[in-house]
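The values are calculated or read from the model by the stated rules, or taken from the named source; none is laboratory data. Keep in mind the model is a prediction, meaning the values are calculated, not measured. Here the Cβ is made from the backbone with ideal geometry for all residues, glycine too, and neighbour counts use every protein chain on show. Surface accessibility is based on the protein's heavy atoms, side chains included, excluding ligands, DNA and RNA. Shrake-Rupley method; radii C 1.70, N 1.55, O 1.52, S 1.80 Å.
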Amino acid sequence: MDLLTTRIDLDAIAHNIRLIKQKVAPAQVMAVVKADAYNHGAVEVARVLADNGADQFGVATLAEALELRQGGITQPILTWIWSPEQDIAAVVKQGISLGVPSMEHARAVAELDCEVTIKVDTGLNRSGVPESQWREVFELLRDARATVTGLFSHLASADEPESPMTDLQAKTFERAIELARECGLEIPVNHLANSPATLNRPDLVHQMVRPGLILYGCEPIPGLDHGLAPAMTWAGRVTVSKTIKQGEGTSYNHTWHAPQDGNYCVVPVGYADGLPRIAQGHLEVSIGGKRYPQVGRVCMDQIVIWLGDDTVAPGSEAIIFGDGGMSATELADAIGTINYEVICMPKGRTVRQYVGGRNEA
Ligand SMILES: Cc1ncc(COP(=O)(O)O)c(C=O)c1O
């Protein structure tokens, strides 16, 4: 028995990609599986996504792109975080497309036999070719050996529907497309929409959308429900179940004292496994379908759960977030972060298990 697991529901992943495909058809979907598919396991998840209609894959680093190819993913892959100083020969050999976020990157790919997508900065002011250099980069790549398949850009505030930023960026992106075509680039496939825009801005779909978070079943805009299925459940097994007397403290520094004689149990998850120490007092775990508060310090390897008059048997499953417990979004709200970060938290001694999909026994 593994003491700490993330259970990844591959049927949920399949449901989510099918829902997204349906929503944006006939546009294509580039499924973003960077950061090990947001901590769900890149190759396993990409296989399910490919089987259920993902047209292309997007990753951050060159290593992530190569991992997908080595894992048997044959669909087009785009990688967008790399340095012009890096050796890109292996990636080019694998037919992986490179995102081009600067003039230096454009020069690095110009004479290679590869496909590239130019990342234009439309206002995020992170990476991406600034508007002042668009023409120069477009002309350089028009006359180069590399083939430009399209433009892409990233939105700053699509998760805030009332922000004027998205419309501004959308217009700027249109301007980039117009200029690229005027410069003689064909750019058949352009993409701007991340998760919130994919769900809520049908006008920004272009030829492809580029969602990550919603593949994993999390809503990007608080309060909205699009029928996504959360894929990750983080659960531990109770190791110790004990009694405590009223007024006695538990865990380091005794920051919590039992309000009555009662019971507590210990779950083997701590900050070394990605549960932040600042979660203290904000987490409720579910055991046997009932929620109980985590109390006292979050330690490196363990937390304490106050059961009151209840008792639980060692070996019982304690859900930290996911199916049957707090949702990733609920936990994010409770500890002052976003669901993106919560699903990326489980690490350390956590063992990943898959259910559903092609792996079902
Ligand atoms: C360039 C780029 N495109 C798409 C995404 C997917 O974003 P989301 O998970 O909000 O859909 C990301 C993630 O941060 C990204 O960096």
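Residues being open to solvent by less than 10 Å² (accessible area, probe 1.4 Å), out of contact with any helix residue (DSSP H, G or I) (no Cβ under 9 Å at 6 or more places or on another chain) and aliphatic (A, V, I, L, M) are entirely absent from the stretch 44-55.
Scanning the stretch 93-112 for residues that are more than 16 Å from the ligand (Cβ to nearest atom) and either touching a residue at least 60 places away in the same chain (Cβ under 8 Å) or open to solvent by less than 30 Å² (accessible area, probe 1.4 Å) (or both) yields a total of 4. Given the criteria free of Cβ contacts under 8 Å to residues at least 12 places away in the same chain and in contact with a Leu (Cβ under 9 Å, 6 or more places away or on another chain), does Thr350 qualify? For Thr350, the condition - free of Cβ contacts under 8 Å to residues at least 12 places away in the same chain and in contact with a Leu (Cβ under 9 Å, 6 or more places away or on another chain) - is not met. Counting residues in the stretch 270-282 that are assigned to a strand (DSSP E or B) and either in the same structural domain as Arg349 (by TED's automatic domain parsing) or open to solvent by less than 10 Å² (accessible area, probe 1.4 Å) (or both) gives zero. Here the condition is being more than 13 Å from the ligand (Cβ to nearest atom), surrounded by 15 or more Cβ atoms within 10 Å (Cβ to Cβ) and assigned to a helix (DSSP H, G or I); of Thr172, Thr149, Thr166, it holds for Thr172 alone.
Would you be able to say whether some residue in the stretch 178-188 is closer than 30 Å to Arg135 by Cα and within 14 Å of the ligand (Cβ to nearest atom)? Checking the stretch 178-188: not a single residue is closer than 30 Å to Arg135 by Cα and within 14 Å of the ligand (Cβ to nearest atom).
Remark: pairs (first residue in the stretch 160-179, within 15 Å of Asn194 (Cβ to Cβ); second residue part of a helix (DSSP H, G or I) and of a type in the set (D, E, K, R); Cβ separation under 8 Å; 6+ apart in sequence or on different chains) = Ala170/Asp203.
Scanning the stretch 216-249 for residues that are in contact with a Phe, Trp or Tyr (Cβ under 8 Å, 6 or more places away or on another chain) and within 16 Å of the ligand (Cβ to nearest atom) yields a total of 5. Of the set (1) more than 16 Å from the ligand (Cβ to nearest atom); (2) within 23 Å of Ile8 (Cα to Cα), all apply to Ala90 but (2). Exactly one residue out of Gly288, Gly322, Gly247 is at pLDDT 95 or above and over 22 Å from Thr233 (Cβ atoms): that is Gly247.
As a summary of the residue check, Leu68 satisfies the conditions (1) surrounded by fewer than 23 Cβ atoms within 10 Å (Cβ to Cβ); (2) out of contact with any Leu (no Cβ under 9 Å at 6 or more places or on another chain); (3) outside any loop (DSSP other than H, G, I, E, B) except for the one numbered (1). Taking the residues in the stretch 119-146 that are among the small types (Gly, Ala, Ser) and assigned to a loop (DSSP other than H, G, I, E, B) as candidates, determine which candidate is farthest from His206 (Cα to Cα). Here the residue is Ala144.
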